[in-house]
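Student: Sending over a structure as structure tokens; questions will come in a sec.
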Amino acid sequence: VAEGCSIVKYDKGETVYDEGDIGDRFYIISYGQVEVIRKGKTIGKLESGKYFGEVALVVEDATRTEKVVTCMQTVLLTMTAEDFQGSFHSNPEALADVELKIAGKNSGIRAILHHPLAFVEFSRFLAQQFATESINCWKAITKFTRLYQKFLEFRELGKTEQAWDKNSELRVLAKYIVNQYINVGSEEEVNIPDQLRRDTMRIAETKTLSADSFAGVETELVRLMRNDKLSSFQRTDGFRRILSLVGNYGELTDKKMKNKIVKGSRKLTRRSSLNPRSVIKSAESKDATLDKARSVFDKPLLSPSESLRLVSPANITRKGSSNHALNIT
């Protein structure tokens, strides 16, 4: 994540952002100290190694609820929400975990779908409503996409035999998706527009498949689950239990959550990867997996030596200069 950051230097008394601003990035204090102010009152101070503004990473157009001002000459590492999410492109499970921690009950549908524990709980919720076809189809399409990436990796490495095997698996899986979910009258027919259904059937029947063969269906399924099921799922005890296990901050409107961010901030850490294959097969295995989720943030993002290296004079760009920020390489 640090490699996607830019470095900005502030003098004492400068405003990093104001209360009411739209947040589009977050900050790590590499050196110095900042004061957090809400409604004219100081509610906390943050020093080197702490971070702030993280809600903007996962909540679109989040409004800043505090003003942040530097108490001394300060060097900040900063990253936009777009760059942050891009750094998790190959690991959506990790991004989902971050979103659940930060956004809590305001987490989006994709965070729930990509987080292994939340996915299982959401699947159970849908099963109780006899409405599992969308999530089952989404899971199959996600498997297809990952399998296609494996196929590309083998092909690029010149592993012809392995690539051929993956290509065969892709065709079998594509046929299964169409027969199980897409065809009219299929066992778990999903509710998608007729034109999309016809287009998908035509694409799947071609000799050339791609990672986007079912992209249109995936997008539509996510939209349906978000519009029809998300809000009711977010009110369940099961979802609240997941939030408790991943250690979220709580509701964005909860004042206690804001106090946690500024008064009890932890050093920024990188979560360990969550394996989407760790499907919970029984109540016992579920409990064991949930226990492991209690400490996913256990590795510091920046060691002291890395922090010193990043803030060396050659790497610092003065706020407001023509070259506003220097990318870390």
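The values are calculated or read from the model by the stated rules, or taken from the named source; none is laboratory data. Here the structure is a predicted model, which is why all the values come from computation and not from measurement. Ideal geometry is used to build each Cβ from the backbone, glycine not excepted, and the neighbour counts take in all protein chains shown.
Student: Going through the range 183-228 one residue at a time, which ones are in contact (Cβ under 8 Å) with a residue 60 or more places away in the chain, touching a Ser or Thr at 6+ places or on another chain (Cβ under 8 Å) and not acidic (Asp, Glu)?
Tutor: ALA211, SER213, PHE214, VAL217, LEU221, LEU224, MET225
Student: Still on this structure: Might you check whether a residue that is free of Cβ contacts under 8 Å to residues at least 60 places away in the same chain, crowded, with 18+ Cβ neighbours inside 10 Å, under 18 Å from LEU224 (Cβ atoms) and charged (D, E, K, R) occurs anywhere in the range 135-149?
Tutor: Looking for residues that are free of Cβ contacts under 8 Å to residues at least 60 places away in the same chain, crowded, with 18+ Cβ neighbours inside 10 Å, under 18 Å from LEU224 (Cβ atoms) and charged (D, E, K, R), one finds none in the range 135-149, hence no.
Student: Looking at (1) buried (at least 19 other Cβ atoms within 10 Å of the Cβ); (2) free of Cβ contacts under 8 Å to residues at least 60 places away in the same chain, find the lone condition where SER123 falls short.
Tutor: Every condition holds for SER123 apart from (1).
Student: Checking the conditions here, which among VAL184, VAL222 is exposed (fewer than 13 other Cβ atoms within 10 Å of the Cβ) and touching a helix residue (DSSP H, G or I) at 6+ places or on another chain (Cβ under 8 Å)?
Tutor: The match here is VAL184.
Student: For a quick check of your reading: which helices (runs of 4 or more DSSP H) sit entirely within the range 186-301 and have at least 2 residues that are modelled with pLDDT of 50 or more?
Tutor: 194-205, 215-225, 237-246
Student: If you go through the range 146-158 one residue at a time, do you hit one that is assigned to a helix (DSSP H, G or I) and under 30 Å from ARG241 (Cβ atoms)?
Tutor: There is at least one residue in the range 146-158 that is assigned to a helix (DSSP H, G or I) and under 30 Å from ARG241 (Cβ atoms).
Student: Separate question: Taking the condition of being free of Cβ contacts under 8 Å to residues at least 60 places away in the same chain, part of a helix (DSSP H, G or I) and closer than 18 Å to ILE28 by Cα, how many residues in the range 67-94 meet it?
Tutor: Number of matching residues: 3.
Student: Something else now. Residue check: is LYS105 surrounded by fewer than 20 Cβ atoms within 10 Å (Cβ to Cβ) and within 22 Å of VAL246 (Cβ to Cβ)?
Tutor: For LYS105, the condition - surrounded by fewer than 20 Cβ atoms within 10 Å (Cβ to Cβ) and within 22 Å of VAL246 (Cβ to Cβ) - is met.
Student: Restricting attention to the range 37-76, report how many residues are among the aliphatic types (A, V, I, L, M) and closer than 30 Å to ILE109 by Cβ.
Tutor: Number of matching residues: 6.
A quick yes/no check of all residues on (1) at positive phi; (2) part of a strand (DSSP E or B):
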residue	(1), (2)
LYS9	no, yes
GLY13	yes, no
GLU19	no, no
ILE29	no, yes
GLU35	no, yes
LYS45	no, yes
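Student: Does THR145 meet the test of being modelled with pLDDT of 90 or more, of a type outside the set (A, V, I, L, M) and farther than 20 Å from PHE239 by Cβ?
Tutor: When the stated conditions are applied, THR145 passes them.
Student: Criterion first (touching a Cys at 6+ places or on another chain (Cβ under 9 Å), at pLDDT below 90 and not hydroxyl-bearing (Ser, Thr, Tyr)) does ILE28 satisfy it?
Tutor: Answer is yes for this residue.
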